[in-house]
Every structure is written in structure tokens, then in C-alpha cells.
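For reference, the structure is listed below as C-alpha cells.
The values are calculated or read from the model by the stated rules, or taken from the named source; none is laboratory data. A quick note: this is a predicted structure, and the numbers were derived from the prediction, not measured. Virtual Cβ from ideal backbone geometry, glycine too; neighbours counted across all protein chains shown.
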DNA sequence: CTCTGATCATGT
DNA sequence: ACATGATCAGAG
């Protein structure tokens with residue numbers, strides 16, 4: 001089929017809504033090569049748009065400057081929707097990237113517009129019964145400066161001989177995700193002898209979710225004033241550096257705490273100064289398509305943390321998946337933690353600590369592998385209904401991530417672990433590890 | 001002291 | 001009513 005204009009293409013595409021892959025799969029591709037992850041794309045190209053089933057890399061709408069992508073989403077418990085997976089692009093060649101300028105032709109951005117076909121992923125259903133519910137022409141040019149910056153960050157890391165330390169959290173939209181048959185696959189990098197994991201460019205899960213949600217967002221996108229979240233956050237809190245928590249909160253709210261300092265005073269400050277986690281997407285477009293979180297941490301005068309860092313409550317259902325496919329793995333791979341450090345000590349308690357600086361934490365593949373061990377211990381504990389198998393502190397040497405209780409008075413967090421899906425325990429990362437990351 | 005299980009104030 | 005981010009506080 002040949003489309004003269006984008007309008008024509010979109011008008012035709014309207015008819016795909018409501019179709020299942022079974023209906024479109026005229027050549028029975030789903031049966032023939034079950035393992036081919038590109039199947040959905042091929043089915044739509046041949047079965048819906050009528051392209052011959054050749055092996056040309058992308059039979060897309062080149063003349064129109066549009067590239068076709070098929071992507072799944074899932075419905076969340078709270079009624080929102082999220083992209084199911086990151087969109088993997090071309091493999092990163094460590095040897096050639098160092099000589100490349102940000103080059104549209106090598107990546108998806110050659111065309112800047114992508115036609116995304118969204119289907120609803122439902123693990124209860126057979127793949128061929130997934131329903132295509134939406135499509136969307138997405139113009140990436142608005143994100144170009146962020147993506148270019150991401151590209152440079154990745155290139156820079158390879159130039160420094162740190163390809164083995166790449167993390168998806170390093171960047172905002174364009175990620176360097178791992179790619180390889182097993183997690184032990186390694187490849188060479190040009191400026192170091194240390195083997196690195198093979199990686200590919202990807203549009204991060206959080207970015208795809210942002211695009212997906214823009215389907216029903218009515219408000220217009222802010223102008224991008226900042227290239228990275230760090231810049232943005234720093235701009236918001238710069239003026240408070242050196243001031244105590246009480247003073248900062250007073251400056252922000254007019255409320256002055258004298259005693260009975262709230263435990264979450266630091267969070268109340270970051271909520272007001274930078275934004276509540278839920279509002280962040282409205283504050284700056286970068287937040288809408290990234291997985292950045294703001295955390296607060298007391299440190300001593302050497303920047304050594306006074307506390308561990310906690311994450312959200314674990315749910316039993318988080319651990320149904322194997323580690324490789326788990327929510328937590330994607331989360332740790334993609335997340336970037338912005339840490340507002342407050343200097344304190346055993347004498348200088350909550351409320352009287354002074355904002356010292358802002359640091360950033362991301363996790364590399366070695367970290368992620370160690371997290372996997374912790375994850376599997378939780379999974380074992382749940383699968384066997386045996387709390388002694390949990391990854392308590394110091395469960396194994398080199399442990400970074402541990403479980404800790406997280407309830408209110410009277411909760412026996414560990415003993416009641418199996419009572420409800422949402423448990424009263426959480427993950428925490430160790431102080432030593434945070435310090436090393438700094 | 002440090003470690004680790006327990007608890008709190010707030011927001012939704 | 002309860003999840004969250006964070007700190008507290010007793011044990012060792």
C-alpha cells in the first residue's frame with residue numbers, strides 16, 4: 001500500500017483499532033517463528049499495511065519520514081497505563097560510537113516521527129489475542145536536545161573507558177540497555193581492557209510511558225529550559241544550600257518548627273522546593289518521560305550517610321516474575337536518584353541539619369546483578385512461605401540491598417509477611433554502597 | 001559508637 | 001485506611 005500523505009496514512013491506520021494480532025496474522029507468523037520478538041511489527045506490516053514479507057530491516061514509510069513501531073502497554077492497578085517494555089533500537093558498537101557524531105541515520109531519529117501502534121498486553125491472554133487499541137504519531141523533534149545530550153553522555157563514558165559501568169540511569173530518554181543471551185555475555189571496549197556488557201540504544205520504558213500517556217494529556221508541553229534533571233533540581237534548591245531544614249521549610253511555607261520536628265521534614269522541603277513526586281511531570285517535561293526520584297539523606301562531614309535509603313513497600317506479586325523480567329530489575333536499571341544531602345551528626349538531629357549538596361546515583365550492571373541475588377532471596381522466601389529465607393542485612397558478602405520492616409506500631413512486619421499482597425517490608429540500600437556511589 | 005528492626009507525619 | 005519517605009531508638 002502506498003500513502004501519499006501522512007493524513008492518508010493515519011486515516012487508514014484508524015482501522016487498526018480493535019484488531020487482534022490473530023486477525024492480522026495472515027501468514028501465520030506467530031506459529032512459524034514463535035520466538036521472534038519482531039513478529040508483531042512484521043504482522044502489522046504485512047497483514048495490515050500490505051507490505052511484502054521481506055527481510056528489509058524496516059519496511060516503514062520512508063517517503064513520509066515516518067517509522068513504524070509496535071509497542072505493548074499494561075494497565076496498572078491504580079487505573080493508569082504504562083508501557084510494557086523499553087523500545088530497543090540498534091546495538092551500540094563501542095568501537096565506532098567514539099568516532100561518531102550524534103547521527104540521526106544510526107538511530108531512530110532519522111525520521112523524527114514515529115507511528116506507534118499500541119496493543120494491550122495481558123499476561124492472562126494468548127499473544128495472538130492481544131488487542132490493538134490505539135495508534136499515535138509521535139514527533140520526536142521536541143525531545144531532540146535531550147536525546148542528543150543522552151547520546152553524548154553514553155559516548156563520553158565509552159571514551160573514558162567506562163563502558164562496563166554504563167547504566168540506563170545515566171541518561172534521560174535514550175538508554176543504553178543490556179543486550180545479550182545471558183547476563184554473562186561480555187564484549188570488548190576500545191579504551192579499557194575490562195570487558196563490558198553488550199548494549200543497545202533504547203527508548204526507556206519511562207519515556208515510552210510518557211509518550212503513551214501523552215495520548216490523553218490535554219495540556220501543552222512546557223518549553224524545555226533544562227537539558228538534564230540535575231540542572232533543573234539544582235536551580236530550584238541552590239539558594240538553600242548551607243541552611244538548616246527548619247529554616248528552609250520556614251522560607252518555603254512560613255511554618256516554623258521548634259520541637260516535634262516531623263520525621264519527613266526533608267521530604268516536605270523537597271516536595272515544596274522541587275515538587276511532589278506526582279506533580280513533577282507537570283513541573284518539567286523531563287520528569288514526564290524519565291524515572292527520576294528525589295531523595296533526602298543525612299550525611300556526616302565526610303559525606304558518609306547516616307542512614308540507609310529505603311524504597312517502596314514490597315508486594316508479594318512483585319516477585320512472581322523471574323528477576324530478569326521483574327519490575328524491580330527495570331526499576332533499578334532505569335532509575336536515577338537525585339539525593340539532597342543534609343549534613344548532620346549524632347548531635348545534629350533532624351531539623352537542624354544543613355543542606356550540603358546534591359548528588360546523583362544510578363546503578364550499573366554489576367550493582368544490578370547483586371540486586372538480583374537479593375531479589376531471588378525474597379522470591380524464595382515467598383515461594384516457600386519461609387521468612388527465614390529473606391535477605392536480611394549481611395545475608396551474603398557483597399550485599400547491597402536488604403529488606404527492612406516498614407510499618408506502623410504493632411505491625412509485625414516479618415511475621416505477617418504473607419497476610420496481604422502489600423507487605424510491611426521494603427528494600428533498603430546500604431550506607432557503604434551509597435558512599436561508594438558518591 | 002553502629003546496626004537493624006520499629007515507628008512516625010503526611011498525602012492521597 | 002494505608003503506602004511512602006524518612007528517621008528513630010534499643011540492642012549489642
Considering region A:389-426 alone, what residues qualify as being within 7 Å of DNA strand B (Cβ to nearest atom) and at positive phi?
A:394, A:410
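Quick grid of which residues meet (1) away from DNA strand C (no atom under 14 Å from the Cβ); (2) at pLDDT 90 or above; (3) not in a helix (DSSP H, G or I):
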site: A:237; (1), (2), (3): no, no, no
site: A:259; (1), (2), (3): no, no, yes
site: A:286; (1), (2), (3): yes, no, no
site: A:295; (1), (2), (3): no, yes, yes
site: A:313; (1), (2), (3): no, yes, yes
site: A:342; (1), (2), (3): no, yes, yes
site: A:345; (1), (2), (3): no, no, yes
Among the residues of region A:317-351, what is the count of those that are away from DNA strand B (no atom under 16 Å from the Cβ) and either farther than 21 Å from residue A:238 by Cβ or surrounded by fewer than 19 Cβ atoms within 10 Å (Cβ to Cβ) (or both)?
19
Would you be able to say whether some residue in region A:265-281 is within 12 Å of DNA strand C (Cβ to nearest atom), farther than 16 Å from residue A:338 by Cα and modelled with pLDDT of 85 or more?
yes
From the list A:432, A:386, which residue is within 12 Å of DNA strand B (Cβ to nearest atom) and surrounded by fewer than 16 Cβ atoms within 10 Å (Cβ to Cβ)?
A:432
Matching residues in region A:394-408 - criterion: being within 11 Å of DNA strand C (Cβ to nearest atom) and modelled with pLDDT under 90
A:407, A:408
If you check every pair at least six apart or on different chains, which have Cβ atoms under 6 Å apart with a residue in region A:62-75 that is modelled with pLDDT of 85 or more first and a residue that is assigned to a loop (DSSP other than H, G, I, E, B) and surrounded by 13 or more Cβ atoms within 10 Å (Cβ to Cβ) second?
A:68/A:60; A:72/A:84; A:72/A:121; A:73/A:84; A:74/A:84; A:74/A:121
All but one of (1) more than 16 Å from DNA strand B (Cβ to nearest atom); (2) on the phi < 0 side of the Ramachandran plot hold for residue A:309; state the number of the condition that does not hold.
(1)
Flag if residue A:417 is assigned to a loop (DSSP other than H, G, I, E, B) and crowded, with 21+ Cβ neighbours inside 10 Å:
yes
